[in-house]
Amino acid sequence: MKKSKLKSFGIYFFIFSFLVFFVGPIVWFFALALRPPESAFQYPPTLIFKPTLEQFNFILVEPGNSLLQLFNSVFISVSATLINLPLSFLAAYALSRFRIRGKQIILGWYLGLLMGPVVVFLIPYFILMNNLGIAGSKLSLILVLQVITIPFSIWLLKSFLDELPLEIEEAAQIDGAGTWKILSAITIPLCRPGIIITTMFAFVFTWNNVIFPIILANSDSATLQIGVFSFFSSSGAQWGVIAAISSIAIIIPMLIFLSLDKYVVRGLTFGSVKG
Amino acid sequence: MVRKWTPWLMIAPSFLFLFVLTAYPLYFALKNSFYYWNLQTSPVPLQFVGLENFRNVFSYTPFFVSLRNTLIITLVGLTIEFSLGLMIALALSSRLKYLNFARALLIMPITIAPIIVGFMFRYMYWDIVGLIPWLAESLNIPEPEAGFLGTPATVLPALLLPDIWQWTPFFALIMYAAIIGVSSDLIEAAKIDGAGGIRLVWSVLLPTIKPVVVVVVLLQLMRLFNTFDLVYVLTNGGPGDYSRTLSYSLFREGLINFNIGVAAAMTILILIIVNIIVFIYTKIFMRGMKL
């Protein structure tokens, strides 16, 4: 009895230290966003200060430096997600339900796109967008983001579709319903949770994608995270502003992930681990 | 009745889209790896140079240093994140109270864009009032003159710290989910047979959750191999070339120096290396597994 008590104390202590390690830096950074400028330079570092919304006021209200970038982030992520969904759903359905020659190759290729070095795409896309005359536009970002978003959504949606019971679809088929009818009347309603979860993950994936905008965005299409770079300069960094912008960029995906809780494992492994 | 072409009709739109988005970069890299092309001097490839670009990759870009750094980051990062993640997963699966709350909090680091993790740690590494120099000083760890990120000997560990911070919870969450799925009968039986502690984990638990582990390790292996964001924000590959990764060197060559030909050759080499790694990994660990 005594031994097990000691053991649980040990476990609590272990977990607690790790929580400090994993959550601490986030708290520290959020605190930075709320610090009055003079407190950001205190040494030794302190967590005691009078919080102020000055930085948020600066980026969102007066003069609202990051409003355009916030809008761009939302616009690009939402558009990229919405464009990818119908395309991905149809493909995921076909890959889940039918015998298709080369299915393994297609799935492997899509997985490769999710795991491969994204940097290899940057130069060609940069030149391609210039040649197409849409360099720097939001459209160009929405298009190239699909190279990640579509494979992701197909994999995740397929994992949900694979789980649906086939009996209802088969019964409808025997009753003479066509493929498209079955799809719209049975499969899509049954798969709604999977579709919603995939949408949320795809949104976070595009929201958190910075590597494409670093190269392909200009000042009109820059996203929230890209906007941060303009607050680093050779004379120093405006840490308060940087932290405030970052906090907004962090909080949205964080709330989405926390609300998805049970499905986080599944989403992060593209549906390959059910969790 | 399912018509013969219906499945293909469903796959086609996304397939064609992705085909263009994949084939174009591949064609671009293959072709231009044989051409001299600097984007600052010309908007189009200049002349066919045979294998000159590949020779240049080895002779004047820090390719081998980058490869070495990348492999160190990948292997060390993977080992630490895996072991720590497993320990946390085991602790979480002990069915004590409140641990579910702890598990939910562990999700937080994973949700942050790596570039912002970079900002967070750049702030914490800051030599003026940074948390890390201060902690190091309190623990009597001497901070090098140029800071942890500015010193050759410490830059790779310093670069790995944010990655470990962000992705250890990923391992922890996934292995936790796998571990609680293992039937308690199996564990009881193993305990009766006298397996305990490390033996239990190593010869009962890990083999049982192997299908999950091999997938997760592969995902993380590739993610670490492609490390770019943290280098971009924290070190720019420096000091010297000590923290350059392959992805970062490719970025530098193509989009800072605008040597498109050399970058194209580098792209081909990186893709070959990636394919070799994945091939070996799947041959060893994923035999007979279906997608």
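Going by C-beta contacts inside 10 Å, put A:SER66, B:SER138 in order with the fewest on the left.
So the residues, fewest neighbours to most, are B:SER138, A:SER66.
Do you know the relative contact order of the range A:118-275, to the nearest whole percent, from alpha carbon pairs under 8 angstrom that are 6+ apart?
Once divided by the residue count of the range A:118-275, the mean separation gives 32 percent.
Mind listing the phi-derived Karplus ³J(HN,Hα) values for the range A:60-77, rounded to whole Hz, using 6.51, -1.76 and 1.60 with θ = phi - 60°, and x for any glycine or proline?
Along the range A:60-77, the couplings run 10, 10, 10, x, x, 4, 9, 4, 4, 5, 5, 4, 4, 4, 5, 4, 5, 5 Hz.
Cα convex hull of chain A: how many Å³ per residue?
Cα-based convex hull of chain A, divided per residue, equals 207 Å³.
What's the magnitude of the charge dipole for the range A:60-268 around its Cα centre, counting Lys and Arg as +1 and Asp and Glu as -1 at the beta-carbon? Answer in Debye, nearest 20.
Computed about the Cα centre, the dipole is about 360 debye.
With springs only between Cα atoms under 10 Å, which of A:THR187, A:THR81, A:THR206 fluctuates most in a Gaussian network model of chain A?
Maximum among the listed residues: A:THR187.
With springs only between Cα atoms under 10 Å, which of B:GLY147, B:GLY130, B:GLY194 fluctuates most in a Gaussian network model of chain B?
Judging by the Gaussian network model, the answer is B:GLY194.
In whole Hz, what ³J(HN,Hα) sequence does the range A:20-29 give by Karplus (6.51, -1.76, 1.60; θ = phi - 60°), x for Gly and Pro?
Values, residue by residue: 4, 5, 7, 9, x, x, 5, 4, 4, 6 Hz.
Determine which lysines satisfy two conditions relative to A:LYS262: a Cα distance under 16 Å, and not lying fewer than 8 residues away in the same chain.
Of all the lysines, those that pass the test against A:LYS262 - Cα under 16 Å, at least 8 places apart if same chain - are A:LYS274.
GNM, chain A, Cα, under 10 Å: largest mean-square fluctuation among A:ILE245, A:ILE106, A:ILE256?
Most flexible of the set in this elastic network: A:ILE106.
Hey, what do the phi angles of the range B:77-91 turn into as Karplus ³J(HN,Hα) couplings, whole Hz, using 6.51/-1.76/1.60 and θ = phi - 60°, x for Gly and Pro?
x, 4, 4, 5, 5, 5, 5, 4, x, 5, 4, 5, 4, 5, 4
Every number here is computed from the coordinates shown, using simple stated rules; none is lab data. All of these numbers come straight from a predicted model, not from anything done at the bench. Note that each Cβ is placed from the backbone with ideal geometry, even for glycine, and that neighbours are counted across all protein chains shown.
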